[in-house]
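The values are calculated or read from the model by the stated rules, or taken from the named source; none is laboratory data. Not measured: the values here are computed from a predicted model. Heads up, the Cβs are rebuilt from the backbone with ideal geometry, glycines too, and the neighbour counts pull from every protein chain shown.
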């Protein structure tokens, strides 16, 4: 975290008071080896910018960059000046497997560059993503068991018994009472990231084995899901984590609204870059080349 934060800070520039990064620098910061591959990500980001009703030229102006050749001569290569909003869109369209991309998505979403704000935003986004992954795996489980003769009521029973195994004998209803969660709300919306991830892991294993072994019937699939949740619980306990003893987290619905509100203003807060085709920003601006 500290290394990535410093790297991104080291390459920020300003033009007319607007923060920007050069695309060739951002390529390296985001872990892309080849310009052609990175340029494809930029193209997707430009499309997203246009679809959002923003002027692409305000956030992605082209510039030229002089590079030295082995012979001592120089050659101009294409580059771009990228506003914070442009960098954010590039990060959103980048390879999510890269740790640099995951960091950049939060770094550019937060207008202030204070590390603690960025860390907080990353934690919020990670919890939201964990919840989305759990929704996807539970949707897959619902489809899998429906295809194997289990109806929606059966799915609810299977999921509830899985919770009971994960939470040491406490049912979903018990956990809602412990965490003061309304009956109408999903328990997972108030769980910490580690517990959401644990539920997802158990569900993914159930999905894998149901498909691999072509399991049928509520009883057999219930047994599989209970075993998987119990095994995940044992892993947590070995690491000193008791899932039913963890305090509730803030309602994910509220967090989603906060993050969306924060990200909604990125384009306006980022400002607009001069689009004069010049490589050199105005005198007095901060430039790292």
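One table, with the values for the structure above:
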{"item": "Meets criteria (assigned to a helix (DSSP H, G or I) and without any contact (Cβ under 8 Å) to a residue 40 or more places away in the chain) for residue 127", "result": "no"}
{"item": "Qualifying positions in region 143-160 - in contact (Cβ under 8 Å) with a residue 12 or more places away in the chain and over 30 Å from the mean Cα position of the chain (by Cα)", "result": "148, 149, 150, 154, 157"}
{"item": "Flag if residue 49 is touching a strand residue (DSSP E or B) at 6+ places or on another chain (Cβ under 8 Å), closer than 16 Å to residue 105 by Cα and at pLDDT 80 or above", "result": "no"}
{"item": "Which listed residue is more than 21 Å from the chain's Cα centre (by Cα) and at pLDDT 95 or above, from 223, 217", "result": "223"}
{"item": "All helices (runs of 4 or more DSSP H) inside region 164-277 with 1 or more residues being farther than 22 Å from residue 139 by Cα", "result": "172-178, 218-238, 252-264, 266-270"}
{"item": "Residues (surrounded by fewer than 22 Cβ atoms within 10 Å (Cβ to Cβ) and more than 19 Å from the chain's Cα centre (by Cα)) located in region 189-206", "result": "204, 205"}
{"item": "Odd one out for residue 172, checked against (1) in contact (Cβ under 8 Å) with a residue 60 or more places away in the chain; (2) over 18 Å from residue 236 (Cα atoms); (3) touching a helix residue (DSSP H, G or I) at 6+ places or on another chain (Cβ under 6 Å)", "result": "(1)"}
{"item": "Any hit, region 168-176, residues being within 23 Å of residue 256 (Cβ to Cβ) and within 26 Å of the chain's Cα centre (by Cα)", "result": "no"}
{"item": "Options 117, 131: the member that is surrounded by 17 or more Cβ atoms within 10 Å (Cβ to Cβ) and out of contact with any strand residue (DSSP E or B) (no Cβ under 8 Å at 6 or more places or on another chain)", "result": "131"}
